[in-house]
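*Asks:* The following block contains the structure, expressed as structure tokens.
We did not get these values from a lab; they are worked out from the coordinates using the rules stated. Predicted, not measured: the structure shown is a model, and the values here were computed from it. Reconstructed Cβ throughout: ideal geometry from the backbone, glycine too, with neighbour counts over all protein chains shown.
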Amino acid sequence: MKKKQMVEEMKKKLKGSNVLIGMLLVQVMATGLQLLSKVILSHGTFVFALITYRHVVATLCIAPFALIWERESLKKVTWSIFFWLFMIALTGIIVAMGLFYYGLKDTTATYASNFLNLIPIVTFVFSTVLGVEKLRLKTKVGKIKLLGAMLCLAGALTITLYKGKVFYISHHQKHQNSSKDNQKMLRGTIFLMCSCMSYGFWFLIQAKVSKVFPYKYSATFIICVIATIQSAIVGVSIDRRKASWKLGLNLQLITIFYSGALATAATFCLISWAVTKKGPTYPSMFNPLSLIFVAIAEAAFLGQEMSIGSLLGMFLIIVGLYSFLRAKSKELTQIGSINAAGHAEAPPPENDVITQPTNMELPIIARESARFQSTPSVEVAIPIQKQQEEEEQQSV
């Protein structure tokens, strides 16, 4: 009897922690992607060849979901919707992901991952400047969001400008020419900053597209197809050598299938499932974990140095990002409760910009879930009650 009770309790605990385990897997897959990408890019893999092949695999993996579950939505694609999906692929994949890969090639996986965690803050700044989102400095939530953004900025500046004492946790230490290393680091930082800004605009464009085409699988499928064609054209324009596009049975091929199947398709499904179970901001809360995982794995397996400045900057970014996301979550909860009470007609425009930096080539599925969750059930119940009262009066 005791054994059965223990087994049942274990099953309940596992069921309750399924979403948690899923989000941890997402971060582990993201860590693997960063490390594999860094290794193959350092060995000369052409950036746009990697993007092209990656999205070929991603297209094949996403296609069944779009064609089976959202087949009818493909008929609703107008020229206007196609234009915006084209712009999403251009800004989010060709420009943002391309610049990120070039920045990753010139820096380190840990350094580049710090910039991925800054994307929600950059999106917040852009949306505030463009009037999409309000600061709300008079509220506690607004002050916490601003504080979180400032901590993230302080962390980024700390990593960039302060190094401090350097140490290693692996016997395999990387020794590089300091002058060349500094030049590459500066160039990589510029690439990563431009990538971060491009991702910020990318999220704002998706906020517009989700209103007219709220089909996440079909949108992702079309975006991946467009991105494959775009990256192939841009890549051939830059480098037409067969050697740059040649595939072999090596780590490059493994990385392409890993990024397309696991880091895109599998992650997409896990994040979508987590959003429906726990809400739109839940997956974002785990993003800083990938930064920690990448830092430890890169130092342990690739012999990358660690510095006091990088650790301090990582700490500030993680604390700032958590503060920002928690404040954003509370803001959405408050707006949802107001809507449910009947004091507001619809969420304000800022709810259309919920940043989700886990997988940069995917649409923001959290936004649609947030809009669905904030729809008050009271508004649906009222007309039903009125209809019942009218039927009773007619019967009398």
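*Asks:* In vacuum, with every alpha carbon of the range 59-157 counted as one equal point scatterer, what does the Debye formula give for log10 I(q)/I(0) at q = 0.14 Å⁻¹? Two decimals, please.
*Replies:* -0.84
*Asks:* Report the full-extension gain for the segment residue 18 to residue 300: residue separation times 0.36 nm, less the Cα-Cα distance, to one decimal in nm.
*Replies:* Details: separation 282, 0.36 × 282 = 101.52 nm, distance 2.89 nm.
In short, 98.6 nm is gained.
*Asks:* Let me ask something additional. Which FRET efficiency, nearest 0.05, do residue 165 and residue 43 yield, Cβ-Cβ r, R0 30 Å?
*Replies:* Given R0 = 30 Å and the Cβ-Cβ separation, E is 0.50.
*Asks:* How much of the pair distance distribution for the range 150-281 lies past 21 Å, counting alpha-carbon pairs only, in percent?
*Replies:* For the range 150-281, the fraction of Cα-Cα distances above 21 Å is 68 percent.
*Asks:* For the pair residue 322 and residue 254, what calculated FRET efficiency results from E = 1/(1 + (r/R0)^6), where r is the Cβ-Cβ distance and R0 = 41 Å, to the nearest 0.05?
*Replies:* On the way: r = 33 Å, r/R0 = 0.81.
The value I calculate is 0.80.
*Asks:* Follow-up question, since we're still on this one. Given R₀ = 30 Å, FRET efficiency for residue 205-residue 60 by Cβ-Cβ distance, to 0.05? Show your work: numbers first, answer last.
*Replies:* Numbers: r = 25 Å, r/R0 = 0.84.
Given R0 = 30 Å and the Cβ-Cβ separation, E is 0.75.
*Asks:* Rounded to two decimals, what is the ratio between the C-alpha radius of gyration of the range 91-224 and 2.2 N^0.38 Å?
*Replies:* Details: Rg = 18.0 Å, N = 134, 2.2 N^0.38 = 14.1 Å.
Rounded to two decimals, the normalised Rg is 1.27.
*Asks:* Then there is this: Using the eigenvalues of the Cα gyration tensor, what equivalent ellipsoid semi-axes result for the range 29-97 when each is taken as the square root of five times the eigenvalue, whole Å, largest first? Provide the component values of the computation, followed by the final result.
*Replies:* On the way: eigenvalues 165, 51, 17 Å².
Result for the range 29-97: semi-axes of 29, 16, 9 Å.
*Asks:* A follow-up question, please. Between residue 25 and residue 308, 0.36 nm times their residue separation minus their Cα-Cα distance comes to what?
*Replies:* Using 0.36 nm per residue and subtracting the Cα-Cα distance, I get 99.0 nm.
*Asks:* Let me ask something else about it. Once each part is reduced to its C-alpha centroid, what is the distance from the range 226-262 to the range 56-80 in angstrom?
*Replies:* After rounding, the separation between the Cα centres reads 22 Å.
*Asks:* If you don't mind, another one. Label points 7 Å out from Cα along the Cβ direction at residue 75 and residue 147: separation in nm?
*Replies:* With each label point 7 Å from Cα toward Cβ, the separation is 5.4 nm.
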